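Right, one structure below, let's go through it.
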Amino acid sequence: MIKKILPLMFAALFALTTSAFADSWIHVKVDGQGDEKVTVNLPVSLMRSAAALIPQQDVNDDIHVAIDDLDMTWDDLLAFWQEVKAAPEATFVTVESGDETVKVRKEGDFVLVHSLEGQTTGAQVDVKFPLAVVDALLSGPEGKLDFSAALDALATFGPGNLVTVRDDDQLVRIWIDDRAEAE
């Protein structure tokens, strides 16, 4: 009996996994001043196909990650990322400057960035980024970025907001869900 059920379970798991990638959509919606509106709806499967067209760059030899004056090698970046994943939930960075506050924190399986300009009327930026997506991006062989794996990881994130930007004039929202049309 188990020999008959096991292949069916694997087939069902494969179908569910494939379905999750095929049914996930990334949406970008910009509501600007007046009648200015932009909506982009892209299936993750299409984005995976496009990612396959990105030339593979050897990160070890040709790319260095530069953040301000800090130059990181590939190995430095991987070590730093492992430390971020292993770190406890916490607010890592808070920058307060004039009437702007930016916070970067780890919460569960996400890195969250919150920026608030002004107390009530300024721009507000919220980013919720799954740690698994960065893991997948950095998982390429021999130091290569794996964009397809990152998109697969994003597809398993499930429905939810990734980026929201609000200010007086516009709203920008990037999210993922299983609908072909933006809500």
- Query: (1) at pLDDT 90 or above; (2) part of a helix (DSSP H, G or I); (3) among the charged types (D, E, K, R): which one isn't true of GLU96, the others all being true?
  - Reply: (2)
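To keep it simple, each residue is scored yes or no on (1) farther than 20 Å from PHE80 by Cβ; (2) surrounded by 15 or more Cβ atoms within 10 Å (Cβ to Cβ).
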site	(1), (2)
LYS103	no, yes
ASP109	no, no
LEU112	no, yes
GLY118	yes, no
ALA123	yes, yes
ASP126	yes, yes
PRO130	no, yes
ASP135	no, yes
GLY140	no, yes
- Message: Suppose we filter the stretch 48-89 for residues that are β-branched (Val, Ile, Thr), farther than 20 Å from LEU151 by Cβ, modelled with pLDDT under 85 and surrounded by 10 or more Cβ atoms within 10 Å (Cβ to Cβ); how many remain?
- Response: 2
- Message: So LEU137 ticks every box in (1) modelled with pLDDT of 90 or more; (2) within 22 Å of GLY160 (Cβ to Cβ) but one. Which box is left unticked?
- Response: (1)
- Task: Go through (1) of a type outside the set (D, E, K, R); (2) surrounded by fewer than 16 Cβ atoms within 10 Å (Cβ to Cβ); (3) within 11 Å of the chain's Cα centre (by Cα) one by one and return the number of the condition ALA155 breaks.
- Result: (2)
- Note on the structure: Reported set for the stretch 90-101 where residues are within 20 Å of PRO130 (Cβ to Cβ) and surrounded by 11 or more Cβ atoms within 10 Å (Cβ to Cβ) is THR91, PHE92
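Go through the stretch 142-152 residue by residue and tally those that are over 19 Å from ALA50 (Cα atoms) and crowded, with 16+ Cβ neighbours inside 10 Å. Reasoning before the result, please.
Step one: filter the stretch 142-152 for residues over 19 Å from ALA50 (Cα atoms), giving 142-143.
From the residues that got through so far, the ones that are crowded, with 16+ Cβ neighbours inside 10 Å too are 143.
Qualifying residue count for the region: 1.
The values are calculated or read from the model by the stated rules, or taken from the named source; none is laboratory data. Nothing here was measured: the structure is a model prediction, and the numbers come from that model. Cβ atoms come from the backbone with ideal geometry, glycine included; neighbour counts cover every protein chain shown.
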